[in-house]
Ligand SMILES: *Cc1c(COP(=O)(O)O)cnc(C)c1O
């Protein structure tokens, strides 16, 4: 097996880089992305080949992925994540029945969609002979990196701000990463890693600072298209932090279109952020090409607590060229929606996922989205990783008051 990668290029300047070598960011300090020989793919691979693939989860899209030897694929049993219609909560949201769907990424290894990006990044690290990976993280990226690296026999160092949710720090350590808490923000953890490069032979897999995580995240879009019968929804709501998912899906849709595997209109891409950290929303509202650093970022949705995104211009480009928009919701709205969806539909969303539903509800009310449009909301991780309210009710087994159960 060989890959169909033609070359790599800077997503900002278009300058080309050679595949098969280790790359971080471009000379301009911008993300490097992977380009494929799409002609060669369409000449030798069909949609039917993909549909018949026996490879686990996103590995079925291998012709559109950069790993050139099957031996280097690092897998923990990935699955195709289900698309679940919101039924019990659709009226509450104001959605038309059948038009509101959740793509539930919580079913992936380590309980979040970070498995896609880091599964790919670790596989490419293995292919390129990298022996030590390092990452600054607020949570789910650390555990996904730890799990895939341990599986591949690659040493991993994870630096977390000391306010990272405890469960994320512990699961990361339990999956084999050297895990450290830092009295600083994620950017400061990243600085330690870049400062350490001259002394420690580690490679940083920070968001968009290497070319391959985005290729993994792209598979969310490929998978969605295949699941919908090579069709796509009208609108996608995506909780946006570093933006690899929105950028990756948008890249994937262009590739599918070039291959002639889809003919539909592309979805409007909606970036959802928290009012406590909304640099992309601000930049979109002001019509800017780049986003400014967000001071004092604070939200319970730790996956989207990202004050500065290296790929800001790519996120904004995906939103604009898809005629989408960016929208923020408060933590109160998010917490309330998480509860509503749990109560009404039996889905325990992560706060980031609940934020997309809250944003959808608001967008229906404001008319930014119509109830006639088919919408897919991304639940990016399992709600089990986050703090939940206490249970207060106590029953004394010697003295049961049965009226308790009818209240
Ligand atoms: C990382 C993360 C996000 C943000 O993902 P990006 O694609 O980098 O914008 C959203 N939700 C959760 C749960 C995350 O862990």
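Side notes on the structure shown:
- For the chain, built as a Gaussian network whose Cα springs stay under 10 Å, the top-fluctuating residue of 373, 27, 166: 27
- Anisotropy class of segment 125-200 from Cα gyration tensor, a/c 1.5 cut: oblate
- Counting every other Cβ atom within 10 Å of each residue's Cβ, 160, 264 order from fewest to most as 264, 160.
- The alpha carbons of segment 258-308 occupy a box of 45, 25, 15 Å along the principal axes, longest dimension given first.
- Highest mean packing comes first when the peptides 214-221, 361-368 are listed by Cβ atoms within 10 Å, giving 214-221, 361-368.
- Relative contact order [Cα under 8 Å, 6+ residues apart], segment 2-75, whole percent: 36
- Gyration tensor verdict on segment 1-55 (Cα atoms; rounded if a/c is under 1.5, prolate if a/b is larger than b/c, oblate otherwise): prolate
- Taking 74, 25 and counting other C-beta atoms within 10 Å, the order from fewest to most: 25, 74
- Of the residues 325, 293, 253, 92, the one with the fewest other Cβ atoms within 10 Å heads the list, and the complete ranking is 293, 92, 325, 253.
- Gyration tensor verdict on segment 234-378 (Cα atoms; rounded if a/c is under 1.5, prolate if a/b is larger than b/c, oblate otherwise): oblate
- Modelled label reach - residue 320, point 7 Å along Cα→Cβ, segment 225-241 residues with backbone N closer than 20 Å: 236, 238, 240-241
- When the helices of the chain are scored as -39500 (n - 2.57) per DSSP H run of n ≥ 4 and the total is divided over every residue, the value at 222 nm lands at -10500 deg cm²/dmol.
A short reminder: the numbers here are calculations on the coordinates, not readings from a lab. For clarity, every value in this text was computed on a predicted model and none was experimentally measured. Virtual Cβ from ideal backbone geometry, glycine too; neighbours counted across all protein chains shown.
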